[in-house]
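Below is one structure, written out as structure tokens, with a few remarks after it.
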């Protein structure tokens, strides 16, 4: 069976469609202020498509003279894209950010490869699925699992009130996980500086517990993720 050489029209169509699909997914990441946005996803998808088209062309040119494998170049894309994805993963305190963006970059590279192979329907469906996952995927687990958030809390009390029993009572009531805590005393003031993890729906009640306590003179909260 003769392996057909793609026309320039077909080649350009595949490249343009790869740009469109990668760009659509990149727009969502750009809107979410992620480190890899519109241009990164567009270039990755277009470049992956180009690699697959190049593999197609090389196989057509040389398959009669060697045991050519059109998947060899694309295999390098799948392996190499991991380095680009790793660059979007960052550690901020106790949180890891960028994993979803790294996964989306890997995903658009796969979409580009499939578009380069001429799998139009499959590529478009995959792009729509990936877009749906990025836009609505984080809402689905929230219906079944309450998200846990991390924040920094500073409390100060003045007078004879012991700050630790007050803090422990709130921690027990709201099921808070203590990641780090430092207690200090200066004159008649006591303070706690801590990093906590709590279920998202419980945070407001936990913080208000201290706001509503007349013995607490200062409450400072900083969200960490």
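Summed over the stretch 163-187, the residues that are over 18 Å from residue 206 (Cα atoms) and either out of contact with any strand residue (DSSP E or B) (no Cβ under 9 Å at 6 or more places or on another chain) or exposed (fewer than 13 other Cβ atoms within 10 Å of the Cβ) (or both) give a count of 5. Could we say that residue 150 is touching a strand residue (DSSP E or B) at 6+ places or on another chain (Cβ under 7 Å) and at pLDDT below 85 here? Against the criterion (touching a strand residue (DSSP E or B) at 6+ places or on another chain (Cβ under 7 Å) and at pLDDT below 85), residue 150 qualifies. For first residues located in the stretch 121-146 and modelled with pLDDT under 70, partners that are not in a helix (DSSP H, G or I) and lie 6+ apart or on another chain with Cβ distances below 7 Å form the pairs 146/199. In the same structural domain as residue 103 (by TED's automatic domain parsing) and at pLDDT below 85: does that describe residue 159? For residue 159, the condition - in the same structural domain as residue 103 (by TED's automatic domain parsing) and at pLDDT below 85 - is not met.
Within the stretch 150-162, the set of residues being touching a helix residue (DSSP H, G or I) at 6+ places or on another chain (Cβ under 7 Å) and either part of a helix (DSSP H, G or I) or exposed (fewer than 15 other Cβ atoms within 10 Å of the Cβ) (or both) is empty. When the residues of the stretch 188-225 are filtered to those that are in contact (Cβ under 8 Å) with a residue 60 or more places away in the chain and touching a helix residue (DSSP H, G or I) at 6+ places or on another chain (Cβ under 8 Å), the one that is surrounded by the most Cβ atoms within 10 Å (Cβ to Cβ) is 216. Of the residues making up the stretch 199-221, those that are at pLDDT 85 or above and in a strand (DSSP E or B) are 216, 217, 218, 219, 220, 221.
The values are calculated or read from the model by the stated rules, or taken from the named source; none is laboratory data. Predicted, not measured: the structure shown is a model, and the values here were computed from it. Every residue, glycine among them, receives a Cβ derived from its backbone with ideal geometry; neighbour counts consider all protein chains shown.
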